[in-house]
Amino acid sequence: MAKVIMIQGTMSGAGKSLLVAGLCRIFRQDGYRVAPFKSQNMALNSYITKEGLEMGRAQVMQAEAAGIEPLVCMNPILLKPTSHTGSQVIVNGEVRGNLSARDYFAHKTELIPDIKAAFRKLETYADIIVIEGAGSPAEINLKQNDIVNMGMAAMVDAPVLLVGDIDRGGVFAQLLGTLMLLTEEERERIKGLIINKFRGDSTILEPGIQMLTERGQVPVLGTVPYMELTLEDEDSLTDRFDAKHVGKIDLAVIHYPRISNFTDFDVFEQMPEVSVRYVTNVRELGTPDLIFLPGSKNTMGDLKWMRQNGLEAAVKRAAGKVPIFGICGGYQMLGCEIADPDSVEEGGQIRGMELLPVRTVLQKEKHRCQTDGTLDAVEGIFSGLTGCKFAGYEIHMGQTVYCDGDGSDAKGTVDKAARPANSAENVVSDSTGRIYGSYIHGLFDMGEIAGRMIQTLAREKGISLEDGVWEDYRTIKERQYDKLADTLREYLRMEDIYGMLREARIS
């Protein structure tokens, strides 16, 4: 039976995900088999396992820190918002359907057996399991039949560390207020408090920490400094959307309302003199060197949004002068047409941007797979990618085919299922060689692909960059996990955390 510890927060964005990742890396460094777990995740950034099952990317990041293959049992329930009041519900990697928030709340306890089964399976892989909560355990409207915070802690008898975010202010009220709103039984589970994201001299906090300890009757296990890390954060709370700096090489990502898997572009953010800007209107678009159309949870709706606010027209005006690259939903938008005969999204059909000679028919069954191979005979401005190895995954609703002028199938399917993994059709381009589309998420992460693209753009622009050689993104992330672990070792009382793990766990 694995030992367990749980990280809960006073609010969303308190830093739970990174603290779980850091603890996973520490336990791994200390010789333990360790795995992350989150019973319910709400996110539009998702991942496909080797088995073709879908899970949240936060647990993938934590699994990387733990040095273990991502497993769907690390995240048995994934909610992917489809509107302000509803989500696609994914259980153990498979779509169960779409539910309104009210309906899901009424029936979520029916998923407790799935949560318990996933946790038991994960125990076969790990000596220690680090569990992440969601939001706050003191959200009164969500506490009934909770399955992700104190309800989850009770299921596996986990000691809990409660994290507050001092960067937003009011951290003492956050922590004390949360403790006050818990039941006596729930408060007994809280074994330590953590103050996160502190900037400055932590000694000035000593009077507050003393008061917090006295009133809360729970020890403060550390004050963790604000860390500049280049690791994935929770997609709904990321601050990367606010970046406005324009670098020597400027990349614009269209930020539509249902953007998904924008982690595809994280690798470019690590490159010196390269900027990645997320744009929501024509004014913000400016004159980038490359435009990305990312994935979308509602491709038709987000295309209509672009059409209504003028971004579609702006992108089409840039076509032929600026390279445009669509991934997944963005790839579908670039085609001639998107049809939805089964009302997977909005029903009917919609004209695409007509920049790629393909059309898409949305289908009820989601296409999910990992894929790897070699980029073979890439044409146009990015022909230098030919021969580069890639590894990624596909996750989309629909089949995309080549089409001629009347919309009929002229060249055959471009879906993964009907092509070899190393086919040229893993990246589709238009006749000008400046418009590209692909279903492969993570396409840019491996090897030299991202670096060669930036070098190409620099040559096109007639400029030189300070550093023309960039590391594989996976190597960069490994250093970031070690940096995270080193910081937590320095500022947390790890001996106390290990003491919690040594305590006997009730089965």
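The values are calculated or read from the model by the stated rules, or taken from the named source; none is laboratory data. Computed from a predicted model, the values in this text were never measured in an experiment. Reconstructed Cβ throughout: ideal geometry from the backbone, glycine too, with neighbour counts over all protein chains shown. Remember, those area values only see protein heavy atoms, side chains included, never the ligands or the DNA or RNA. Shrake-Rupley method; radii C 1.70, N 1.55, O 1.52, S 1.80 Å.
Results, tabulated for the structure shown:
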| item | result |
| --- | --- |
| Radius ratio Rg over Rh of region 251-399, counting only Cα atoms, Kirkwood formula for Rh | 0.95 |
| Tensor-based shape of region 64-174 (alpha-carbon gyration tensor, a/c under 1.5 rounded, otherwise prolate or oblate) | oblate |
| Computed Kirkwood radius, in angstrom, where 1/r is averaged over Cα pairs of region 202-323 | 17.2 Å |
| Accessible-area order (highest first, 1.4 angstrom probe) of the listed residues 57, 493, 459 | 459, 493, 57 |
| By accessible area with a 1.4 Å probe, ligands and nucleic acids excluded, highest first: order of 500, 6 | 500, 6 |
| Quotient of C-alpha Rg and 2.2 N^0.38 Å, computed over region 116-190 | 1.21 |
| Where N is the number of residues in the chain, Cα Rg divided by 2.2 N^0.38 Å | 1.00 |
| Lysines with Cα under 19 Å of residue 191, excluding same-chain neighbours fewer than 8 positions away | 3, 16 |
| Residue 472 - accessible surface, heavy atoms, 1.4 Å probe, Å² rounded to 10 | 40 Å² |
| Solvent-accessible surface ranking, highest first, for 256, 104 at 1.4 angstrom | 104, 256 |
| Heavy atoms of residue 403: accessible area, 1.4 Å probe, square angstrom to 10 | 20 Å² |
| For region 69-221, accessible area per residue (1.4 Å probe, heavy atoms of protein chains only), Å² | 45 Å² |
| Value of [θ]222 nm, deg cm²/dmol, for the chain, DSSP H segments ≥ 4, -39500 (n - 2.57) each, nearest 500 | -8500 deg cm²/dmol |
| FRET efficiency, residue 242 to residue 487 (Cβ-Cβ, R0 22 Å, nearest 0.05) | 0.40 |
| GluC sites (Glu not before Pro) within region 450-504, DSSP loop, no more than 11 other Cβ atoms inside 10 Å | 466, 503 |
| Sequence-distant lysines (8 or more away, or on other chains) whose Cα lies within less than 21 Å of residue 297 | 80, 364, 366, 416 |
| Share of carbon and sulfur in the accessible heavy-atom surface of the chain [1.4 Å probe, %] | 49 percent |
| Projected-area average for region 276-353 over all orientations - Cα convex hull basis, square nanometres | 4.9 nm² |
| Alpha carbon convex hull of region 234-285, projected area averaged over orientations, nm² | 3.6 nm² |
| Length released on extending from residue 502 to residue 105, taking residue separation times 0.36 nm less the Cα-Cα span | 139.4 nm |
| Within straight-line cross-link reach of residue 461, lysines at Cα separation under 19 Å, skipping those fewer than 8 residues along the same chain | 248, 321 |
